[in-house]
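Visitor: Here's a structure for you.
Laboratory data are not the source of any read-out in this text; all were calculated from the coordinates shown. Since the structure is predicted, the reported quantities are computational estimates derived from the model, not experimental observations. Using ideal geometry, Cβ is built from the backbone for each residue, glycine included, and neighbour counts are taken over all protein chains shown.
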Amino acid sequence: MPSLFPSASALSATFGHAAPYPSQQNEQQSASAKRSPYLARTELYGSWSVSEDAQKKTQELGDAAAKEFSKASEAAQANVGKIELYSAKYYATCTFGGLMACGATHWGVTPLDLVKCRRQVDSKLYTSNMQGWRTIMAQDGFRGIYTGGAPTFFGYSVQGALKYGCYEFFKKFYSDLAGPENAVAYKTWIYLAGSASAEFFADIGLCPFEAVKVRMQTTMPPFAKGTWDGMSKIISSEGVGGLYKGLYPLWGRQIPYTMMKFASFETIVEMMYARLPGEKSDYSKGAQTGVAFTSGYLAGILCAIVSHPADVMVSKLNTNRKAGEGFGAAMGRIYKDIGFSGLWSGLPVRIVMIGTLTGLQWMVYDSFKIFMGLPTTGGQTPPPEKK
C-alpha cells in the first residue's frame, strides 16, 4: 500500500532550493567573496538590498545630471568661444553671472525681508517672525508675504550684475597698479578696494528699485501695485530725486557690506583650501561649489553684523524722512527716536537671511563660472597671462 506522505526524495526535489540555509556551493561562493567580519550577510536581510538599490539609482541620476551639465556646458562654451581671463568677454560673463546670482536669491528671501523691514520701522508691529507671516497671510493671502518681490528682483539683478562684474575688473585693475609682489602682500586691501569701488556703482543702479521696495513693504496697504507703478508715483510727487533719496545711507549700508562680503569670502576660501588635503585643482566641480557656499555663508554672517545699523537707517529714512529735511538732520532725528539699541532691531533675522543669501550667491556665481569654463573665485590666483 502506498504511503500517504511524500518520500524524502520528493520533498528534496520540491523544496530543496528554498531551504533557509545556504547550500555547500553557496557557502563556497560566500567564502570566496572574502566578506569582512563587519559586513552583514545581505542574503539574510532582503530589506538592505532595497536601500542599496535606492542608493544606486540616486548615484545613477546624479551621474546622468552631471553628464547633462557637462554636455550643456560644452555647448555653451563652443557657442561663446574661448574666454580669456580678464578680457572683455570675461568681464561680461562675470557680469551675467552676478545678475543670475543676486536677483533670484534676493527674491527668494522676500518674506524674511518683508517682516524685517516692518519690524525695523515699528518694533511692536509683530511679536515674532512667525506671527508676522501669519498676520500677513491672513490679511493678504500667500502673495502678501512676497510684497515688494518685483522691485527686489529687478533691483538686485542690476546690482548683482554691476557688483560682480565691476569687482572682477577693479580687483585686476588695483592688482596691476600695485605690481605682482605688492598684489600678493596686500591682497586683502585689494579685495577691499575692489569691492568698495564695485559697490559704489552697483548702488546707483539699485537705489531706485530699493526706494520702491522699502515703501511697498513698510506701508500698509502697499503704496503701489508694482515696480513701475511705484516709480511713477514717486517721480510724480517728489521728482526723479525721490528715487535717490536713500542713496547715501544705501552706500553706508552696502559698501561696508560688500567689502566684508568679498574680502572675507576670499580669505575664508583660501583658509579652507589651505587646511584641506591636496590643492584646489584636485577637487571636483561639485566640491568647489560646496566650498563656495560654505565660505559665502560664513562671510554673510559677518556682512549682516557690519551693515545692520545702516540697513535700519535706510528703512527709516525711506519712510520717515520729511519733505525738505536734510540728510544729516533726518538721521539725527531718527537716531534720537530709536537710540543705539534700535539700530540693531531685527539683527537675528538678517543674519539668517544674509548668510543664506551670500552662500547661495557665491554658489550660483561660481557654478556659472564653471559652466562657462572659468576657474572658481578665490583659493588660488590664476597664473599671469603670457604676452
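Visitor: Shape call for segment 82-244 from the C-alpha gyration tensor, a ≥ b ≥ c root eigenvalues: rounded (a/c under 1.5), prolate (a/b greater than b/c) or oblate?
Guide: Details: a/c = 2.50, a/b = 2.13, b/c = 1.17.
Note, shape of segment 82-244 comes out prolate.
Visitor: Then there's this: For the pair LEU177/THR219, report the inter-label distance in nm, with labels modelled 7 Å from Cα in the Cβ direction.
Guide: Each label point lies 7 Å from its Cα, and together they span 4.2 nm.
Visitor: Once phi is turned into ³J(HN,Hα) by the Karplus curve 6.51 cos²θ - 1.76 cosθ + 1.60 with θ = phi - 60°, what whole-Hz value does each residue of segment 161-172 show in order, with x for glycine and proline?
Guide: So the J values, rounded to whole Hz, are 4, 5, 5, 6, x, 5, 4, 4, 5, 5, 4, 5.
Visitor: Place the peptides 267-273, 219-225 in order of packing, highest mean first, counting for every residue the other Cβ atoms within 10 Å and averaging per peptide.
Guide: Descending packing order for the listed peptides: 267-273, 219-225.
Visitor: Could you give the length gained on full extension between ALA88 and ASP140, defined as 0.36 nm per residue of separation minus the Cα-Cα distance, in nm? Write down the numbers at each step before the final one.
Guide: Numbers: separation 52, 0.36 × 52 = 18.72 nm, distance 4.64 nm.
The span from ALA88 to ASP140 would gain 14.1 nm if fully extended.
Visitor: Sort 132-144, 90-102, 156-168 by packing, meaning the average of other beta carbons within 10 Å per residue, with the highest value first.
Guide: Per-residue mean Cβ counts within 10 Å order the peptides as 156-168, 90-102, 132-144.
Visitor: Moving to a separate point now. Could you work out the relative contact order of segment 252-374, using alpha carbon pairs under 8 angstrom and six or more residues apart, expressed as a whole percent? Don't jump to the answer; show the numbers that get you there.
Guide: On the way: 115 pairs, mean separation 48.2, N = 123.
Contact order relative to length: 39 percent.
Visitor: Now, a different point. With r as the distance between the Cβ atoms of TYR186 and GLU52 and R0 = 51 Å, compute the FRET efficiency 1/(1 + (r/R0)^6) and round to 0.05.
Guide: Once the sixth-power term is evaluated, E becomes 0.40.
Visitor: Using label points projected 7 Å from each Cα along Cα→Cβ, tell me how many nm separate TRP344 and GLU279, to one decimal.
Guide: Taking the two extended label points, one gets 4.6 nm.
Visitor: Okay, next question. What FRET efficiency would be calculated for the residue pair SER237, ALA329, taking the C-beta separation as r and a Förster radius of 22 Å, to the nearest 0.05?
Guide: 0.60
Visitor: Order of 205-211, 274-280 by packing, highest average Cβ count within 10 Å first?
Guide: So the order, starting with the most tightly packed, is 205-211, 274-280.
Visitor: Determine, from the Cβ-Cβ distance of ALA287 and ALA104 and an R0 of 25 Å, the FRET efficiency 1/(1 + (r/R0)^6), rounded to the nearest 0.05.
Guide: It comes to 0.60.
Visitor: Also, quick follow-up: Could you list log10 I(q)/I(0) for segment 252-374 at q = 0.21, 0.22 Å⁻¹, which the Debye formula gives when each Cα is one point scatterer?
Guide: After summing over all Cα pairs, the log10 values are -1.10, -1.17.
Visitor: Quick one: go through segment 354-375 and flag any residue whose amide nitrogen is under 15 Å from the point 7 Å out along the Cα-to-Cβ line of ASN79.
Guide: Zone members listed by number: 371-373.
Visitor: Can you tell me how much longer the chain between PHE201 and PHE69 gets when fully stretched, taken as 0.36 nm per residue apart minus their C-alpha distance, in nm with one decimal?
Guide: 44.2 nm
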